[in-house]
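Bear in mind that the values in this text are calculations on the coordinates, not laboratory data. Just so you know, these numbers come straight off a predicted model, no measurement behind them. When we count neighbours, we look across all protein chains shown, and the Cβ atoms used for this are built from the backbone with ideal geometry, even at glycine.
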Amino acid sequence: MVSENQTHHTRSTGTALIVGGGVIGLASAYYLAKDGWKVTVAERDDFSDNCSFGNAGMIVPSHFTPLAAPGIVAQGIKWMFSSRSPFYVKPSPSLSMISWGLKFIRHANEPHVKRSAPHILALNNLSKDLYDELANELADGFGLAHRGILMLFKTEKTAVEEIHLAEQAKALGLDVGILTHEQVQSLEPYVKLDVLGATHYRSDASLYPPALMAHLLHRVKQLGVTLMPQAEVKGFTCNGGKITKVITHAGDLSADIVVLTGGAWLGGLAKKAGLSVPLMPGKGYSFMTTAFDGKLQHPALLLEARVALTPMGGRVRIGGTMELAPIDHRINMNRVEGIANAVPNYYPEYQLPVPDERDIWHGFRPCSPDGLPYLGRSKSISNLIVAGGMGMMGLSLGPAAGKMVSELARGKKTSADIRLFDPERFH
Ligand SMILES: Cc1cc2nc3c(=O)[nH]c(=O)nc-3n(C[C@H](O)[C@H](O)[C@H](O)COP(=O)(O)OP(=O)(O)OC[C@H]3O[C@@H](n4cnc5c(N)ncnc54)[C@H](O)[C@@H]3O)c2cc1C
């Protein structure tokens, strides 16, 4: 057990205002309400879509390395020149982009990965257990499946990297299998695979994100949480080191505790409260297909292509690309084509048509420059908690983040060590 805020004494509950209704906001609402807080969630839109709905639904203890890792900068530069590539940083003269990029480069090294990995893993493991608890509580479920995730590779180069990573994962206590072509094919008996092999992270899981979000919304309402749609937060009034007023489109609000969970917009929101929380949106796309006809058994990452496939009910969700650039809602069909075209390279029986633009979902991952979450209490504003910046694993970390928020709100010891995730670490 670790003390995040030893100076804070355990306090009684009161009112809590959460800004943002994604998975982090709703999970925070859930754990706060269960702990006796009177909770309101102010959401700019209507709780029906955000990054938490269209993602690949993977719960990923396997993702213990932050995005800022060795090799990613060189690889990213190569990919920048291809319109179909899975990773893209839009060259931009904006100061915030340059400053984010420099911080990213500074963290893309081995010591950073080594230091961060056990903490990211611990939070993901906790979250996975909490998902089991949630699934038991929510009678209809949300498609939680424990089949692990297959990391499929086609080339020797990727095999060497992945096997090395799998050894590190095992050393950290993860249950990982290193599979030959024949072994992975026998795990997927109904679809033909064209791969060299795979690593199988057996402790990963998956779920159907829209069902999870619907259940969380339903459950928090049952717990008495007030949901405020169309209530964009425009600013804060601070007095005596505290937020005393939250200015929204739907009127002014106040609460004992304010929690910022604004997803890709968290940086702008925090700035309004005087905090520097650097963040870049990482746009990704997904679409559903019926092509596999229920035959695909395991979620998979097509490693060289950076594409994710997750069985969801009888269908499969296919997602990918990471375009690091300011928010832009346009759909880049070249990249969607890149995603669709990657599938038959691994599953040769499935030549997928490029979906219609209206069937393509897009969302913005909230990416911090060091690849670590922002999760903690502000040191400069005593009633402010920040929870976000979870990049590629926000769905996975949702329940753990929510639980940490409720512990922080109480001034309790947090049940995971979140000191590395200090939201003011870039001040
Ligand atoms: C293609 C793709 C695949 C992914 N796959 C996975 C996966 O398999 N596993 C995984 O763990 N993660 C995955 N992710 C990442 C994951 O979806 C995100 O990390 C997560 O959903 C972020 O949740 P959030 O609550 O922080 O943000 P969001 O879900 O974006 O919610 C933030 C909310 O805040 C609201 N808001 C913003 N500003 C304001 C304001 N001023 N006032 C009021 N409200 C405001 C927004 O409207 C929004 O509703 C994927 C992402 C993409 C794009």
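With contacts taken as Cα pairs under 8 Å and at least 6 residues apart, segment 12-60 reaches a relative contact order of 41 percent. When each of the peptides 290-303, 228-241, 29-42 is scored by how many other beta carbons lie within 10 Å of its residues on average, the order from highest to lowest is 29-42, 290-303, 228-241. The alpha carbons of segment 155-279 occupy a box of 63, 34, 25 Å along the principal axes, longest dimension given first.
If I take R0 = 30 Å and measure r between the Cβ atoms of H329 and H427 in this structure, what FRET efficiency does the formula 1/(1 + (r/R0)^6) give, to the nearest 0.05? Walk me through the numbers on the way to the answer.
Numbers: r = 31 Å, r/R0 = 1.04.
Step by step, r from the Cβ atoms, then E = 0.45.
Simple rule: put +1 on each Lys or Arg Cβ and -1 on each Asp or Glu Cβ in the chain, find the dipole, and look at G388, L253, G224; the Cα lying farthest toward the positive end is L253. In plain terms, the residue of F87, F64 with the fewest other Cβ atoms within 10 Å comes first and the most crowded comes last, giving F87, F64. Testing the spin-label approximation: label points 7 Å from Cα along Cα→Cβ at N109 and T180. State their distance in nm. In this crude spin-label approximation the distance works out to 4.1 nm. Taking amide H positions as modeled 1.01 Å from N, with prolines and chain starts lacking one, the residues under 5 Å from Y347 and 5 or more places away or on another chain are D194.
Computed from the Cβ-Cβ distance with R0 of 35 Å, the FRET efficiency linking D194 to A171 stands at 0.70. Step by step: find N for segment 9-59, compute 2.2 N^0.38 Å, then divide the Cα radius of gyration by it. What's the final number? Here the Cα radius of gyration is 1.31 times the empirical estimate. Around the amide H of M322, modelled in the peptide plane, lie the amide H atoms of F87, Y88, all under 5 Å away and 5 or more residues distant in sequence or on another chain. Using the Karplus relation 6.51 cos²θ - 1.76 cosθ + 1.60 with θ = phi - 60°, the per-residue 3J(HN,Hα) values for segment 132-137 come to 4, 4, 4, 4, 5, 7 Hz, with x marking Gly and Pro.
Residues in segment 200-214 carry Karplus couplings, in order, of 10, 8, 6, 8, 6, 8, 8, 8, 9, x, x, 5, 4, 5, 4 Hz; the curve used is 6.51 cos²θ - 1.76 cosθ + 1.60 with θ = phi - 60°, and Gly or Pro positions show x. Annotation: amide H of T244 within the under-5 Å range of T237, C238, N239, sequence separation 5 or more or interchain, hydrogens built in the peptide plane.
Could you list M151, M333, M97, M404 in order of exposure, starting from the residue whose Cβ has the fewest other Cβ atoms within 10 Å? Could the numbers behind the result be given before it?
Working: M151 25, M333 14, M97 17, M404 29.
If I rank by nearby Cβ atoms, fewest first, I get M333, M97, M151, M404.
The HN-Hα couplings worked out from phi for segment 250-265 by the Karplus form 6.51 cos²θ - 1.76 cosθ + 1.60 (θ = phi - 60°) are 9, x, 7, 10, 8, 7, 5, 10, 10, 10, 9, 9, x, x, 5, 9 Hz, whole numbers, x standing for Gly and Pro. Output the 0 to 90 degree angle, nearest 10, between the alpha-carbon long axis of helix 95-107 and the longest principal axis computed from the alpha carbons of the chain. For 95-107 against the chain, the angle is about 70 degrees. Here the relative contact order of the chain, from alpha carbon pairs under 8 Å that lie six or more residues apart, stands at 28 percent. For the chain, taking Cα atoms only, Rg and Dmax work out to 20.8, 65 Å respectively.
If we sort 180-190, 264-274 on the protection proxy, mean other Cβ atoms within 10 Å, highest first, what's the order? Provide the component values of the computation, followed by the final result.
Details: 180-190: 13.7, 264-274: 20.4.
Ranking, from highest mean packing down: 264-274, 180-190.
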